[in-house]
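A.B. asks: Below you'll find the structure I mean.
The values are calculated or read from the model by the stated rules, or taken from the named source; none is laboratory data. Being a predicted model, the structure only gives us computed values, none of them experimental. All Cβ positions, glycine included, derive from the backbone under ideal geometry; neighbour counts span all protein chains shown. Accessible surface areas use protein heavy atoms only, side chains included; no ligands, DNA or RNA. Shrake-Rupley method; radii C 1.70, N 1.55, O 1.52, S 1.80 Å.
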Amino acid sequence: EKCQKAIEMLFTLHFYMQQLKFVAEMAKEDEAARQSTGSATPRSVAFEPKSEEEKKAMEELRQLFEMYDRDKSGELSPDEVGELLGTMGVRMQGKELDNLIRLMDKDASGEISLDELAGVMLSRKKMEKEVKLSEVGTELFEMFDKDGQGEISLDEMIMTLEGLGKNWDMEDIRNFFEVLDADGGGTVDKQEFMDFIADVEAIK
């Protein structure tokens, strides 16, 4: 059971990573379109969750959105969107962040609603795109390795997961860490992390 919960957590993190990579790609595509044609790519479209997977993804995004909507206005400022993405490992500033906001901001209000955020981060194109865990393993590891020392501590894992805005169970986090920490040394190095990913992909 402990291993199964660890696998579920890994796939949830994988989903977050896919979302963020897609968002970054869309921002770059928008900038390229502006440079070549003088006009932006179409703004986001409304996202209507249909499958159970999509409904779950929408609920997790809602939790994340509400965490950063500190004034409870129902909208995020560009800086709050940048902070949200930064916590999850994607650093966007200046023109790159402006491009992303432009893509999301359907009503041109200058702020981003949950529906506008979902329109980009949970688009059909994104949900259908599969990326192997091993292809983002290094990025997932670096997302946890806050101090860049090449090892993940339990405190770093807790801080990272809490920053994602999802209501993680502390016991599940500790179990996840213990499963990754194969040698019981109290930290998880990159080899241990990648070995776990390889094991998960082998049984998938």
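A.B. asks: Can you tell me how many residues within region 140-173 are in contact with a Leu (Cβ under 7 Å, 6 or more places away or on another chain) and assigned to a helix (DSSP H, G or I)?
C.D. replies: Counting residues in region 140-173 that are in contact with a Leu (Cβ under 7 Å, 6 or more places away or on another chain) and assigned to a helix (DSSP H, G or I) gives 2.
A.B. asks: So for region 120-132 (the condition being modelled with pLDDT of 80 or more, touching a helix residue (DSSP H, G or I) at 6+ places or on another chain (Cβ under 6 Å) and either part of a helix (DSSP H, G or I) or of a type in the set (A, V, I, L, M, F, W, C) (or both)), does at least one residue qualify?
C.D. replies: Taking region 120-132 first, the residues modelled with pLDDT of 80 or more are none.
No, the conditions are met nowhere in region 120-132.
A.B. asks: Going through region 92-116 one residue at a time, which ones are crowded, with 20+ Cβ neighbours inside 10 Å and modelled with pLDDT of 85 or more?
C.D. replies: Ile112, Glu116
A.B. asks: So how many residues does region 176-204 have that are aliphatic (A, V, I, L, M), out of contact with any Cys (no Cβ under 6 Å at 6 or more places or on another chain) and open to solvent by less than 80 Å² (accessible area, probe 1.4 Å)?
C.D. replies: From region 176-204, those aliphatic (A, V, I, L, M) are 179-180, 182, 188, 194, 197-198, 200, 202-203; that's our starting set.
With out of contact with any Cys (no Cβ under 6 Å at 6 or more places or on another chain) added as a condition, the list becomes 180, 182, 188, 194, 197-198, 200, 202-203.
Filter once more, keeping what is open to solvent by less than 80 Å² (accessible area, probe 1.4 Å): 180, 188, 194, 197-198, 200.
Residues that pass the stated criteria total 6.
A.B. asks: Sticking with this structure for a sec: Looking at Glu75, Glu29, which one is modelled with pLDDT of 75 or more and among the acidic types (Asp, Glu)? Quick ask: steps written out before the conclusion?
C.D. replies: On the way: Glu29 fails: modelled with pLDDT of 75 or more.
Residue meeting the stated conditions: Glu75.
A.B. asks: If you take the residues in region 60-82 that are among the acidic types (Asp, Glu), under 24 Å from Asn99 (Cβ atoms) and open to solvent by less than 40 Å² (accessible area, probe 1.4 Å), which one is nearest to the chain's Cα centre (by Cα)?
C.D. replies: The extreme case among them is Glu80.
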